[in-house]
Each structure stands twice: as C-alpha cells, then as structure tokens.
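The block underneath contains the structure these notes are about, expressed in structure tokens.
The values are calculated or read from the model by the stated rules, or taken from the named source; none is laboratory data. This is a predicted model, so every value here is computed, not measured. Here Cβ is always computed from backbone atoms with ideal geometry, including for glycine, and neighbour counts include all displayed protein chains. The accessibility values were calculated without ligands, DNA or RNA, using every heavy atom of the protein model including side chains. Shrake-Rupley method; radii C 1.70, N 1.55, O 1.52, S 1.80 Å.
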Amino acid sequence: QVQLVESGGGLVQAGGSLRLSCAASGSIFNINTGYWYRQAPGKQRELVAGITRGGSTNYADSVKGRFTISRDNAKNTVYLQMNSLKPEDTAVYYCNANLYVIGSPELYNYWGQGTQVTVSS
C-alpha cells in the first residue's frame with residue numbers, strides 16, 4: 001500500500017531556513033489535499049498548513065508570512081518551505097494527506113513518519 005515519506009528536518013539557528021518534503025509512494029495514487037502538522041514536547045499536535053489539489057493554501061497564524069506550502073503533482077510530493085525560523089517552531093513535523101486511486105472517487109488518509117525540526121536560539 002501507499003506510504004508518505006518525509007525528509008528535510010534538522011537543526012538550524014534562529015532566522016534560518018529548512019524545506020520539508022513529503023512524498024507519496026505508489027504510482028496509482030495522487031495526493032488530493034496535503035497538510036503539515038507539528039507537535040512540540042508536552043503539547044498537542046497542531047495544524048500548520050494545508051494545500052488543495054488546485055493549489056489553494058491556508059496557514060496557522062503563527063507561521064503566516066514565514067512558511068510556504070507547495071506541491072508538485074507530477075512527483076506526488078508536498079513541500080513546506082520554512083523561513084525566519086524561531087525557537088518556538090521546534091517540533092516534530094508530520095505530513096498528512098488524502099490520496100485517491102486514479103479514476104476512483106475514494107479517498108485514503110495517511111500520515112508521514114515525522115521529522116524533527118530543532119531551532120536553536
């Protein structure tokens with residue numbers, strides 16, 4: 001079955017940038033809507049950004065103007081460009097996506113494995 005594979009996390013100083021990638025395996029699947037969540041130690045998982053099949057985007061207030069979600073449909077990949085990073089952005093970032101089998105109306109929801117982003121002060 002399909003899986004979402006995340007990459008791009010790491011350690012960066014405040015003010016730096018990182019780009020996260022979330023790739024869906026399986027050539028018969030396309031991403032419908034894609035999301036990035038994050039979870040800091042001791043806190044609940046929160047929605048950071050979302051993107052539709054057509055490219056419409058939404059962001060949490062805390063990241064507006066700093067983060068950009070995008071997608072490459074040909075590669076079945078969703079990205080999160082993170083600029084002007086702050087220590088409070090430190091968290092495990094999770095990709096989530098609704099996928100469909102080409103030619104079918106059914107949707108399937110999957111989570112990525114998570115990638116650690118640490119921003120030092």
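For the range 1-71, which trypsin sites (Lys or Arg not before Pro) pass both filters: DSSP loop (anything but H, G, I, E, B) and at most 12 other C-beta atoms within 10 Å? All intermediate terms of the calculation are to be shown ahead of the outcome.
Working: sites: R19, R38, K43, R45, R53, K64, R66, R71; in loops: K43, R45, R53, K64, R66.
Passing sites in the range 1-71 are K43, K64.
State the percentage of accessible surface on the range 37-121 attributable to carbon and sulfur atoms; use a 1.4 Å probe and exclude ligands, DNA and RNA. Each step should come with its number before you reach the end.
Details: 2190 of 4580 Å².
Within the range 37-121, the accessible surface is 48 percent carbon and sulfur.
Which loop GluC sites (Glu not before Pro) in the range 3-99, with loop taken from DSSP, have no more than 16 other Cβ atoms within 10 angstrom of their Cβ?
Here no loop site has a sparse enough neighbourhood.
Taking H as built 1.01 Å from N, whose amide H comes closer than 5 Å to the amide H of T90, not counting residues under 5 places away?
Amide H to amide H, under 5 Å and 5 or more residues apart or across chains, T90 pairs with V119.
Please report how far the C-alpha centroid of the range 1-57 lies from that of the range 61-121, rounded to the nearest whole angstrom.
Here the two parts' Cα centres lie 2 Å apart.
Pairs of alpha-carbon atoms within less than 8 angstrom and 6+ residues apart define the contacts here; what relative contact order does the range 1-107 have, in percent? Don't skip to the answer; put the middle values down first.
Details: 214 pairs, mean separation 36.5, N = 107.
Reported as a whole number, the value is 34 percent.
Using the Cα centre of the chain as origin and beta-carbon charges of +1 (Lys, Arg) and -1 (Asp, Glu), tell me which of S62, V78, S27 is placed farthest towards the positive end of the dipole.
Projecting each Cα onto the dipole axis, the largest value belongs to S62.
Lys and Arg at +1, Asp and Glu at -1: add these up for the other residues within a Cβ distance under 10 Å of Y37 and post the number.
Details: positive: R38, R45; negative: E46.
My count for the surroundings of Y37 gives +1.
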